[in-house]
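K.L.:
The structure is given below, and queries will be raised subsequently.
None of the figures in this text is laboratory data; all of them are computed from the coordinates on show. Keep in mind it's a predicted model, so treat the numbers as computed, not measured. Cβ sites come from the backbone with ideal geometry, for glycine too, and all protein chains shown count toward neighbours.
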Amino acid sequence: MKRVSKGRLVTINELRDALAAKHQIDFRCPITTGIFSWIATHAAAEAKRITPY
């Protein structure tokens, strides 16, 4: 998520597709991907860092 350039929108489905390609898998869970992206976003907010979401 940190590699997303400023002003670009990346959806959960795009994150899922990138993870699937990286790890050579067929199925990726939208709920799990959403939960972990929510955790990363809120952890960055608490640490006063900017994580795109």
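K.L.:
Once the Cα atoms of helix 30-46 and of the chain are each reduced to a long axis, what angle between those two axes, in degrees from 0 to 90 to the nearest 10, is obtained?
P.N.:
20
K.L.:
Tell me, Glu14, Glu46 in order of fewest to most beta-carbon neighbours within 10 Å?
P.N.:
Glu46, Glu14
K.L.:
Once you compute Rg and the Kirkwood Rh from C-alpha atoms, what is the Rg to Rh ratio for the chain?
P.N.:
0.99
K.L.:
Treating only the Cβ atoms of Lys and Arg (+1) and Asp and Glu (-1) as charged, compute the dipole magnitude of the chain about its Cα centre; round to the nearest 20 debye.
P.N.:
Taking the Cα centre of the chain as origin, the dipole is about 300 debye.
K.L.:
Sum -39500 (n - 2.57) across every DSSP H segment of at least 4 residues in the chain, then divide by the residue count to get the 222 nm mean residue ellipticity, nearest 500.
P.N.:
-18000 deg cm²/dmol
K.L.:
Quick check: net charge around Ile50, other residues with Cβ under 11 Å of its Cβ, Lys/Arg +1 and Asp/Glu -1?
P.N.:
Charge balance near Ile50 sits at +4.
K.L.:
Lys and Arg at +1, Asp and Glu at -1: add these up for the other residues within a Cβ distance under 12 Å of Gly34 and post the number.
P.N.:
That sum, taken over residues with Cβ under 12 Å, equals +2.
K.L.:
For the chain, state which trypsin sites (Lys or Arg not before Pro) are in a DSSP loop and have at most 15 other beta carbons lying within 10 Å of their beta carbon.
P.N.:
Of the trypsin sites (Lys or Arg not before Pro), the ones in loops of the chain whose Cβ has at most 15 other Cβ atoms within 10 Å are Lys2, Arg3, Lys6, Arg8, Lys48, Arg49.
K.L.:
Now for a separate question. Among the aspartates and glutamates, select those whose C-alpha is under 18 Å from the C-alpha of Lys6, and discard any that sit fewer than 8 residues away in the same chain.
P.N.:
Partners found: Glu14.
K.L.:
Also: Pairing the Cα long axis of helix 12-23 with the longest principal axis of the chain, what angle in degrees results, from 0 to 90 and rounded to the nearest 10?
P.N.:
The helix 12-23 is inclined about 60 degrees to the chain.
K.L.:
Test of understanding: in a Gaussian network model of the chain with alpha carbons linked when under 10 Å, which of Ile12, Ile39, Ile25 would top the mean-square fluctuation ranking?
P.N.:
Ile25
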